[in-house]
Amino acid sequence: MKIVIQRVSEASVTIENHKVAEIKNGLLVLLGIVEDDNQEDVNYLVRKTANLRVFNDENEVMNKSLIDIAGEAIVVSQFTLQAATKKGNRPSYIKAAKPDIAIPLYTNFVQRLEKEIGKKVQTGQFGADMQVALVNDGPVTIIIDSKVKE
């Protein structure tokens, strides 16, 4: 399981000209799931997302987490994060989990993140054609792979 976390001053998700999610200060999380991901991957990445110290403290040092600032979050499923690009120029998405595996893990990620941060987490719609807009604050962008714990 991979996530791309972006610290945002605002972000939104629009589907068919209808805004389905919108936040101000917080995190936009893009979530890519593979076939062998499981609850352990979800737990690891939820803890990282909620506790990652990427928000500035009073000394303008990134020392506060999403929990610390009572920030908001949007989680968007993005199978293209699992693209294989080794051969040729057309990405392969063969590693991306099929919906029967990905949807329950995606749903569980969102629910666990809500519990961890103590507030509703907004989402896109799994499998939909979405327009994701954001103002990346910093910019701060972090990539975490649950299979590569560095």
* **Every pair of residues 6+ apart whose Cβ atoms lie under 9 Å, when the first sits in the stretch 98-126 and is touching a residue at least 24 places away in the same chain (Cβ under 8 Å) and over 26 Å from residue 68 (Cβ atoms) while the second is open to solvent by less than 50 Å² (accessible area, probe 1.4 Å) and of a type in the set (Phe, Trp, Tyr)** => 126/106
* Filtering the stretch 2-33 down to residues that are polar (S, T, N, Q) and assigned to a strand (DSSP E or B), which residue is farthest from residue 113 (Cα to Cα)? -> 14
* Subset of the stretch 35-85 [surrounded by 13 or more Cβ atoms within 10 Å (Cβ to Cβ), β-branched (Val, Ile, Thr) and more than 16 Å from the chain's Cα centre (by Cα)] -> 69
* **Tabulated pairs, the stretch 55-71, first part of a loop (DSSP other than H, G, I, E, B), second loosely packed, with under 11 Cβ neighbours inside 10 Å, C-beta under 9 angstrom, 6+ apart or interchain** => 70/118
* Any hit, the stretch 99-109, residues being of a type in the set (D, E, K, R), open to solvent by 100 Å² or more (accessible area, probe 1.4 Å) and outside any helix (DSSP H, G or I) -> no
* Structure fact -> Filtering the stretch 129-150 down to residues that are surrounded by 13 or more Cβ atoms within 10 Å (Cβ to Cβ) and in a loop (DSSP other than H, G, I, E, B) yields 130, 146
* To do: Kindly provide the set of residues from the stretch 34-51 that are assigned to a loop (DSSP other than H, G, I, E, B) and either among the hydroxyl-bearing types (Ser, Thr, Tyr) or out of contact with any Lys or Arg (no Cβ under 9 Å at 6 or more places or on another chain) (or both), ordered by number.
  => 38
* Does any residue in the stretch 83-95 that is polar (S, T, N, Q) and in a loop (DSSP other than H, G, I, E, B) come within less than 7 Å, Cβ to Cβ, of a residue that is open to solvent by less than 90 Å² (accessible area, probe 1.4 Å) and modelled with pLDDT of 90 or more six or more places away or on a different chain, and which pairs are these? -> 85/91
* **Where a residue in the stretch 1-26 is within 21 Å of residue 105 (Cβ to Cβ) and its partner, wherever it lies, is modelled with pLDDT under 95 and among the basic types (Lys, Arg), with Cβ under 8 Å and at least six apart** => 1/147
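The values are calculated or read from the model by the stated rules, or taken from the named source; none is laboratory data. Here the structure is a predicted model, which means the values were calculated and not measured. In this analysis, Cβ positions are derived from the backbone assuming ideal geometry, glycine residues included, and neighbour counts consider all displayed protein chains. For accessibility, only protein heavy atoms count, side chains too; no ligands or nucleic acids. Shrake-Rupley method; radii C 1.70, N 1.55, O 1.52, S 1.80 Å.
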